[in-house]
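**Q** Please read through the structure below; I'll follow up with questions.
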Amino acid sequence: MSETAVHQQIQSEIEKNPVVLFMKGTPVFPQCGFSARVVQILSHMGVPFHGVNVLADQGIREGIKAFSNWPTIPQLYVKGEFIGGCDIVTEMFQSGELSTLLDEKGVAHQAAA
């Protein structure tokens, strides 16, 4: 698949899903600790999200890094906006910023506490 096609596929996933996590593995079976941590946070908050398993497609795995200009996986997108990886999502969750962001973006979730 060409780089353009990969970017179009990534853009399509981001546009059709309010919350998308590009991750190693699936939400039910994460295959790295960092992906598992973000899944745990989103699940704890009751955030409905779509997981994209980058291990299933090498083009997506490399393409998402170029797309976001971010070198690591997982990568979280909310309403089309790149939020960050595991460290950033964890910090935002702990500080309450993630809950505020979800409120601002109109994404349903439970209180973070």
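The values are calculated or read from the model by the stated rules, or taken from the named source; none is laboratory data. Quick caveat: nothing in here was measured; it's all calculated off a predicted structure. Note that each Cβ is placed from the backbone with ideal geometry, even for glycine, and that neighbours are counted across all protein chains shown.
**Q** Condition first: within 14 Å of the chain's Cα centre (by Cα) and aliphatic (A, V, I, L, M). Now tell me which residues in the stretch 1-44 satisfy that.
**A** Those that are within 14 Å of the chain's Cα centre (by Cα) and aliphatic (A, V, I, L, M): 10, 14, 19, 20, 21, 23, 36, 38, 39, 41, 42.
**Q** Name the residues in the stretch 1-48 that are among the β-branched types (Val, Ile, Thr) and over 13 Å from residue 78 (Cβ atoms), would you? Show your work before the answer.
**A** We begin by selecting, within the stretch 1-48, every residue among the β-branched types (Val, Ile, Thr); these are 4, 6, 10, 14, 19-20, 26, 28, 38-39, 41, 47.
4, 6, 10, 26, 28, 39 - these are the residues of the stretch 1-48 that are among the β-branched types (Val, Ile, Thr) and over 13 Å from residue 78 (Cβ atoms).
**Q** Please work out if residue 84 is under 18 Å from residue 16 (Cβ atoms) and either modelled with pLDDT of 95 or more or in contact with a Phe, Trp or Tyr (Cβ under 8 Å, 6 or more places away or on another chain) (or both).
**A** The answer is no for residue 84.
**Q** Identify the single condition in (1) more than 15 Å from residue 45 (Cβ to Cβ); (2) touching a residue at least 40 places away in the same chain (Cβ under 8 Å) that residue 76 does not satisfy, given that it satisfies every other one.
**A** Against the list (1) more than 15 Å from residue 45 (Cβ to Cβ); (2) touching a residue at least 40 places away in the same chain (Cβ under 8 Å), residue 76 comes up short only on (1).
**Q** Right, next: Can you tell me which of (1) touching a residue at least 60 places away in the same chain (Cβ under 8 Å); (2) in contact with a helix residue (DSSP H, G or I) (Cβ under 7 Å, 6 or more places away or on another chain); (3) more than 21 Å from residue 91 (Cβ to Cβ) is the one residue 18 doesn't meet?
**A** Every condition holds for residue 18 apart from (2).
**Q** Every residue in the stretch 73-113 that is out of contact with any helix residue (DSSP H, G or I) (no Cβ under 7 Å at 6 or more places or on another chain) and among the polar types (S, T, N, Q), please.
**A** 94, 95, 99, 100, 110
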